[in-house]
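The values are calculated or read from the model by the stated rules, or taken from the named source; none is laboratory data. The structure displayed is predicted, hence computed values, not measured ones. Neighbour counts run over all protein chains shown; Cβ positions are idealised from the backbone, glycine included. Each accessible area value is taken on the protein alone, full model and side chains, heavy atoms only, with ligands, DNA and RNA left out. Shrake-Rupley method; radii C 1.70, N 1.55, O 1.52, S 1.80 Å.
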Amino acid sequence: MSTDDTTDADAGGTEDEGPSLTRRDLVKAVGAVGAIGAASAATVNVDTDDLWTDDTEHYVGDDYGEYGASDVIHTTCGQCNTFCPIKVRLADDSGTGEYSSLVRKLAGNPYSFLNTQPFSQVPYDSDPEDVATGDVAGSGAVDADRWSLSGGRICLKGQAGIQTAFDSYRVRKPMKRVGPRGSGEWKTISWEQAIEEIVEGDDDLGHPGLRALWGYAPEDEVMDDWEAVQSGELEKSAFDEKYEDVLIDTDHPDMGPKANQIVDVGGFRRNFIRTRLWHQGLGSINSVHHAGTCGFSSVMGNVRSHAAQKKRQYPDVENCEYLLVWGTNPMVANKGPTWLAPKLTSAIEDGMRMDVVDPRLSKTAEKADTWVPVEPGADGALALGMARWILEHDRHDVEYLRNPAESAAESDGEPTWSDATHLVLVDEEAGPKARAADLGLVPADHELADDFVAVDASTGEPRPASEVETGVLDVSLTVDGTAVESVWSLYRDRVFEHTVEEYAEMSGVSADRIAEVADEFTSHGKRAAIMAYRGPAKHTNGFYNTRAIATLQHLIGNYDWKGGQITPYAGYSTMSGRYELEQVPDGHSPWGSRCCAAGSTTRTPRCSNATAATRRSGRGSPSRHLRPPRNCTAAPPTSTPTASRRCSSGRTRTTT
């Protein structure tokens with residue numbers, strides 16, 4: 001708490017009770033006592049009166065400035081990726097009577113629900129002056145009206161935005177290297193010079209410029225001509241002459257236009273830059289996300305665990321009875337200070353139990369019922385130990401896991417379903433899931449040819465999953481000479497490779513503690529959830545750690561249930577509205593090869609609907625099983641159940 005905001009009463013005393021003691025006073029006093037002790041052999045004349053008192057003016061401020069709407073900008077904070085709405089009070093010291101570009105103060109926006117948790121934002125139709133002075137009509141009835149009384153909240157990281165904006169080391173203009181690479185020798189240049197040299201080239205740096213590097217031709221035109229070459233209708237030399245200036249390689253036209261050799265590594269405004277400048281402006285398909293060094297292993301682990309529908313594991317905090325926070329610090333990090341920390345503390349006050357898995361005693365762990373200090377990177381072993389206890393004690397949701405498809409889930413009143421009953425071709429190296437046509441259940445041109453396969457519990461026969469009401473979990477059989485096992489059988493076998501005690505030794509968590517957490521996690525029906533983030537994922541085995549943790553949630557079937565885990569992607573388009581920022585008039589359509597790593601590329605199929613098609617059919621989905629190393633501290637089961645959801649609109653579905 002700032003001393004500017006502290007009153008005598010706040011510091012623990014009143015005017016009648018005499019002077020109060022602050023932390024600074026204590027430090028001063030301790031220093032003085034040390035000085036006295038050091039000089040105890042001599043006569044000391046120290047006046048200590050000012051150590052215990054301060055002028056009352058130090059605590060009371062009455063200097064404020066008048067300002068109007070022209071002095072305030074409503075924007076979003078850029079100090080983290082929560083992007084809280086804020087108000088920026090501009091300084092009026094320009095000498096012109098107008099506001100300047102200097103920031104005097106930052107504050108949260110009271111009209112935003114992000115800044116006013118656990119209450120709602122003030123009503124939009126409230127009088128701005130009443131909002132500014134805290135005199136909103138009816139605001140005294142907090143329990144009834146439930147909107148914030150204290151204005152919008154902004155965290156300390158957000159307040160540091162002033163320092164970020166005006167940091168003396170902030171790069172405000174383009175800089176050009178003038179010495180050898182790695183020398184650290186740079187000079188400031190104008191924006192005009194930077195644009196000119198980027199586009200037209202620079203002899204000093206040996207850069208030819210984008211104009212010389214760039215080339216583009218539409219995919220349909222190129223590939224139609226290439227098919228004509230293959231059929232003999234067009235000479236290859238004519239094709240080469242037509243496209244040699246615009247294609248990367250006329251012998252491999254599927255690599256795409258030369259524009260693909262111009263690569264962007266996106267940062268804060270990457271979505272805007274990627275959509276407008278790189279994809280439609282240049283026609284380059286290669287705009288690279290920063291996530292390779294951020295949370296990629298976590299994102300991919302979750303995407304592969306939820307049929308490409310979920311990038312993070314978030315809980316329905318308000319309705320959750322048990323929350324297991326795993327490898328994240330939501331009370332203080334990222335989204336915590338403004339809205340998540342108040343939401344969590346309110347839930348705890350309302351009776352939610354929160355346990356925390358973290359090697360470090362974090363601020364969130366301080367608030368937990370139980371702190372579980374796992375060995376760094378051994379989160380997969382802890383998750384598998386919990387899974388072993390859950391399976392041994394029959395605490396998993398069997399009815400949920402036996403729903404092999406959407407129709408079965410709908411009949412069972414479930415918003416999602418899993419692939420636990422789906423059959424896997426175990427003799428194939430990649431261990432793909434079997435399709436109905438693979439096992440001869442339907443002809444290759446049948447509408448169900450690409451369906452996954454499950455054993456029908458009512459007949460004991462394998463059938464296309466979409467036609468099965470209840471599947472069999474434990475399956476190991478041969479169908480027309482093809483060996484298959486269910487995802488569940490493979491998962492269970494991997495889980496049972498070690499005892500709970502062995503998992504305890506790997507994870508650094510006692511067997512009793514593993515049993516306690518697993519017991520609690522499975523004691524609340526669907527109203528238990530895990531909040532996991534980068535902690536388990538930022539390791540060489542992070543992908544597998546994430547998969548093992550996500551599978552625990554599948555075991556209780558809490559996906560999209562009230563109080564369980566949710567899909568937090570409800571929102572609005574940030575690039576559409578009054579202005580359609582996503583569309584560039586006469587813009588290009590990117591196609592061809594994507595850069596993966598140095599010296600390697602992947603090629604995008606000609607079909608523009610390839611991604612949607614594979615997602616609908618399930619090919620390339622989380623259920624395409626990987627074969628990780630058989631090391632429990634480094635990998636989850638070979639085949640890990642995957643959850644799918646009925647609604648793909650992005651809205652959160654909570655079911656009572």
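Here are a few things to note about the model shown:
- Residues in the range 541-568 that are touching a Leu at 6+ places or on another chain (Cβ under 8 Å), within 16 Å of Arg527 (Cβ to Cβ) and among the hydrophobic types (A, V, I, L, M, F, W, C): Leu555 only.
- The condition of being open to solvent by 70 Å² or more (accessible area, probe 1.4 Å) and not β-branched (Val, Ile, Thr) holds for Glu428.
- Trp417 aromatic (Phe, Trp, Tyr), buried (at least 23 other Cβ atoms within 10 Å of the Cβ), in contact with a Ser or Thr (Cβ under 7 Å, 6 or more places away or on another chain) and in contact (Cβ under 8 Å) with a residue 24 or more places away in the chain: yes
- If you filter the range 101-122 down to residues that are surrounded by fewer than 16 Cβ atoms within 10 Å (Cβ to Cβ) and hydroxyl-bearing (Ser, Thr, Tyr), you find that the one that is modelled with the lowest pLDDT is Ser120.
- In the range 159-187, the residues that are within 17 Å of Gly78 (Cβ to Cβ) and open to solvent by less than 50 Å² (accessible area, probe 1.4 Å): Ala160, Gly161, Ile162, Ala165
- Every pair of residues 6+ apart whose Cβ atoms lie under 8 Å, when the first sits in the range 180-203 and is over 22 Å from Tyr169 (Cα atoms) while the second is assigned to a loop (DSSP other than H, G, I, E, B) and of a type in the set (Gly, Ala, Ser): Glu197/Gly209; Ile198/Gly209; Val199/Gly209; Glu200/Gly209; Gly201/Gly209; Asp202/Gly209
- Among the residues of the range 467-498, those identified as in contact with a helix residue (DSSP H, G or I) (Cβ under 6 Å, 6 or more places away or on another chain) and either in a helix (DSSP H, G or I) or open to solvent by 30 Å² or more (accessible area, probe 1.4 Å) (or both) are Glu469, Asp474, Ser476, Val495.
- Whichever residue in the range 290-319 is farther than 18 Å from Tyr533 by Cα and in contact with a helix residue (DSSP H, G or I) (Cβ under 8 Å, 6 or more places away or on another chain) and, among such residues, is surrounded by the fewest Cβ atoms within 10 Å (Cβ to Cβ): Glu318
- Residue in the range 360-370 that is among the β-branched types (Val, Ile, Thr), in contact (Cβ under 8 Å) with a residue 12 or more places away in the chain and open to solvent by 40 Å² or more (accessible area, probe 1.4 Å) present: no
- Reported count of residues in the range 504-535, each being surrounded by 21 or more Cβ atoms within 10 Å (Cβ to Cβ), at pLDDT 95 or above and of a type outside the set (A, V, I, L, M), is 4.
- Taking the range 316-344 as the range and being in contact with a strand residue (DSSP E or B) (Cβ under 8 Å, 6 or more places away or on another chain) and either in a helix (DSSP H, G or I) or without any contact (Cβ under 8 Å) to a residue 40 or more places away in the chain (or both) as the test, the residues that pass are Val317, Thr338, Leu344.
- Hits in the range 374-410 - residues which are open to solvent by less than 60 Å² (accessible area, probe 1.4 Å) and assigned to a loop (DSSP other than H, G, I, E, B): Val374, Gly377, Ala378, His396, Asp397, Asn403, Pro404, Ala405
- Val487 being under 20 Å from Leu382 (Cα atoms), in contact (Cβ under 8 Å) with a residue 24 or more places away in the chain and of a type in the set (A, V, I, L, M): no
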